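Worksheet for the structure shown next.
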Amino acid sequence: MIRINCPYCGERDHSEFSYGGDATINYPSLDASEKEWTEAIFFRKNIKGYQFETWHHSNGCRMWLVVERSTVTHEIKSVKPCHPNLQKVVENNK
Amino acid sequence: MTKFNAWNVIKNGLNGQSYWTRQWRDPEPKSSYDVVIIGGGLHGLATAYYLAKNHNIKNVAVLEKGWIGGGNAGRNTTIVRSNYMMPGNHEFYEHSLKLWENLSHELNYNVMFSQRAHVSLFHSPGAKDSVSRIYNIMRLHGTDAELWDLKTLKKKIPHLNYHNSRFPILGAAVQKRAGNARHDAVAWGYARAADTLGVDILQNCEVTGFTRKNGNIESIQTSKGIIKGKKIGFAVAGNTSVLWQMAELGNLPIESHKLQAFVSEAVKPLLDQVVVYGVGGAHFYISQSDKGSMVFGGDLDWYKSYAQRGNLPMVQDVAEAAMAIFPSLGRIRLLRHWAGVMDMTMDGSFFICKTPISNLYLNAGWNYGGFKASPASGWYFADLIANESPHNYVQNHNLERFEKGINIDERGAGPDPKLHG
């Protein structure tokens, strides 16, 4: 079992969460070329090692999180709220 | 290599089994080859075999970082079927099934292919309509497919749970020519047959880098020294992205996920078919091996991973699905379980295609279905490497299909790799 330390709820089993995907994708502007959109939607780095990825605490607070996790050892380095403003709120409340 | 036939079996039986030769050589790498296949799994070995057999290209090496049959070749549930619907896919998998039907003779090696029928249960009128559509499409293309009503199903498989009131079994979609095979024998059979035709199988030979020259890959750095190849093929399911980035080619429409499989202790004959059950978020498939073990599996672990070991929540999920459909398994003990790393693609279909590097060819993205595809995968990948252009069946199985909007999405699940089960 992977344990994810949700900034809102505390440390929980990963079975409470659902995996989203690569958290580093920047979607291009609406008038960007087909090539850029194809790259953003379909193509992935598929990192072997530490990556930033999204998880949804779907059976908990239902917030989206950015988790820094190794795809080889499953070790987690950091967990933050997805939204940058919520990140600030969480940090200010520490 | 001594051929397997009645005469040699009798001769060796009288001589204390002392005249068998080894199945394949353990050669030192040559400095260069016409074709180098990276990945000594079923697809890599099959490709090497068909290069030599169909295209007379015999100066071929297969590089394997571990031992052959030690990767996903030995981490699957050995199911062979061809119940696909999309253009390209159904022709491809049907050809694969036809190759399976003659594979033991072709390779002079008993791969224990057993056409015991693939029985896919349905639990609602909607599911019946949906599967009828797929199986009708299969029939129109000449693949065998049929529907069993409840009476037939109860007669054929009496000990399923027919009293589940939430997901009652209404019948099953059946492919009778489908079944399973012995995975190790397939790897060994292809290795032995390819080796006989002159292919070098280089085990414990890990690729560590590539040297580029004029846009091509000139040579491959490996743990056994530098090896040159005029043409190079990738067949390394699970680790495709790693090699792809080693060749500085950027991103791929692939995520690596792990899929678990399970084997129980051996029991008396209980199940004579492959049974598949998928409803209410559960996904479960089961068959009985010739030894008597129940071999079964379920869904991915649902998060990206390169670890070849499974996590516990999925063990529980699979056990629950087993109990829902097969309550008689309740007290059976699990002998072992393992996970293999899958290339999960953005539309659930594979890649057999050219790449931005002119002497590099790609075979990847097999999702849940690499085992059954092995013979045709080798066949058409060898064809692509030898003839420089893809066969009609695989002409859209390339990396450009996403930009063109011609995704081959059997399940209609969209660009989320983990959903293409």
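The values are calculated or read from the model by the stated rules, or taken from the named source; none is laboratory data. Source: prediction; values computed, not measured. Here Cβ is always computed from backbone atoms with ideal geometry, including for glycine, and neighbour counts include all displayed protein chains.
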Practice problem: Provide a single number: the residues in segment B:151-176 that are surrounded by 15 or more Cβ atoms within 10 Å (Cβ to Cβ) and in a loop (DSSP other than H, G, I, E, B). | Solution: 6
Quiz item: If only one of B:I201, B:I226, B:I232, B:I220 is β-branched (V, I, T), touching a residue at least 60 places away in the same chain (Cβ under 8 Å), farther than 24 Å from B:N72 by Cβ and in a strand (DSSP E or B), which one is it?
Solution: B:I226
Exercise. Hey, can you tell me all the residues within segment B:242-284 that are assigned to a loop (DSSP other than H, G, I, E, B), farther than 27 Å from B:N164 by Cα and β-branched (V, I, T)?
Key: none
Practice problem: Evaluate the following for A:C82: is it out of contact with any Asp or Glu (no Cβ under 9 Å at 6 or more places or on another chain), more than 14 Å from chain B (Cβ to nearest Cβ) and surrounded by 14 or more Cβ atoms within 10 Å (Cβ to Cβ)? | Solution: yes
Exercise. Examine segment B:177-191 for a residue that is closer than 27 Å to B:K372 by Cα, among the β-branched types (V, I, T) and in a strand (DSSP E or B), and state whether such a residue exists.
Key: no
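The rows are residues; the columns are (1) within 18 Å of the chain's Cα centre (by Cα); (2) among the polar types (S, T, N, Q); (3) within 14 Å of chain A (Cβ to nearest Cβ).
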| position | (1), (2), (3) |
| --- | --- |
| B:G229 | no, no, no |
| B:G238 | yes, no, yes |
| B:L243 | no, no, yes |
| B:L249 | no, no, yes |
| B:S256 | yes, yes, yes |
| B:A261 | yes, no, no |
| B:K268 | no, no, no |
| B:Q273 | no, yes, no |
| B:V276 | yes, no, no |
Self-check item: Number of the condition not met by A:K88 [criteria: (1) among the basic types (K, R); (2) touching a Leu at 6+ places or on another chain (Cβ under 9 Å); (3) modelled with pLDDT under 95]
Solution: (2)
Exercise. Just give me the residues in segment A:59-79 being in contact with a helix residue (DSSP H, G or I) (Cβ under 8 Å, 6 or more places away or on another chain) and either more than 14 Å from chain B (Cβ to nearest Cβ) or small (G, A, S) (or both), in sequence order.
Key: A:G60, A:M63
Practice problem: Considering each of B:Y368, B:Y380, B:Y393 in turn, give the residue that is within 30 Å of B:M294 (Cβ to Cβ), touching a residue at least 60 places away in the same chain (Cβ under 8 Å) and surrounded by 21 or more Cβ atoms within 10 Å (Cβ to Cβ). | Solution: B:Y368
Exercise. Kindly list, by first and then second residue, each pair from a residue in segment A:1-17 that is crowded, with 19+ Cβ neighbours inside 10 Å to a residue that is in a loop (DSSP other than H, G, I, E, B) and of a type in the set (V, I, T), limited to pairs with Cβ atoms under 7 Å and residues at least 6 apart or on different chains.
Key: A:H14/A:I2
Self-check item: Residues being surrounded by fewer than 21 Cβ atoms within 10 Å (Cβ to Cβ) and hydroxyl-bearing (S, T, Y) - total across segment B:278-303
Solution: 2
Self-check item: Criterion violated by B:K372 - all others in (1) charged (D, E, K, R); (2) touching a helix residue (DSSP H, G or I) at 6+ places or on another chain (Cβ under 7 Å); (3) in a strand (DSSP E or B) satisfied
Solution: (3)
Exercise. Tell me which residues, restricted to segment B:285-296, are assigned to a strand (DSSP E or B) and either modelled with pLDDT under 95 or not aromatic (F, W, Y) (or both).
Key: B:I286, B:S287, B:Q288, B:S293, B:M294, B:V295
Exercise. Spot the failing condition for B:N110; the list is (1) farther than 20 Å from B:A187 by Cβ; (2) surrounded by fewer than 22 Cβ atoms within 10 Å (Cβ to Cβ), and only one is missed.
Key: (1)
Self-check item: Residue ID - surrounded by the fewest Cβ atoms within 10 Å (Cβ to Cβ), chosen from residues in segment B:242-274 that are touching a residue at least 60 places away in the same chain (Cβ under 8 Å) and of a type in the set (G, A, S)
Solution: B:A247
Quiz item: How about segment B:304-348: which of its residues are of a type in the set (S, T, N, Q) and surrounded by fewer than 24 Cβ atoms within 10 Å (Cβ to Cβ)?
Solution: B:Q308, B:N311, B:Q316, B:S328
Quiz item: Right, A:F43: among the aromatic types (F, W, Y), more than 27 Å from A:E91 (Cα to Cα) and surrounded by 13 or more Cβ atoms within 10 Å (Cβ to Cβ) or not?
Solution: yes
Quiz item: crowded, with 21+ Cβ neighbours inside 10 Å and on the phi > 0 side of the Ramachandran plot: does that describe B:G233?
Solution: no
Quiz item: All but one of (1) in contact with a His (Cβ under 9 Å, 6 or more places away or on another chain); (2) part of a helix (DSSP H, G or I); (3) polar (S, T, N, Q) hold for B:Q316; which doesn't?
Solution: (1)
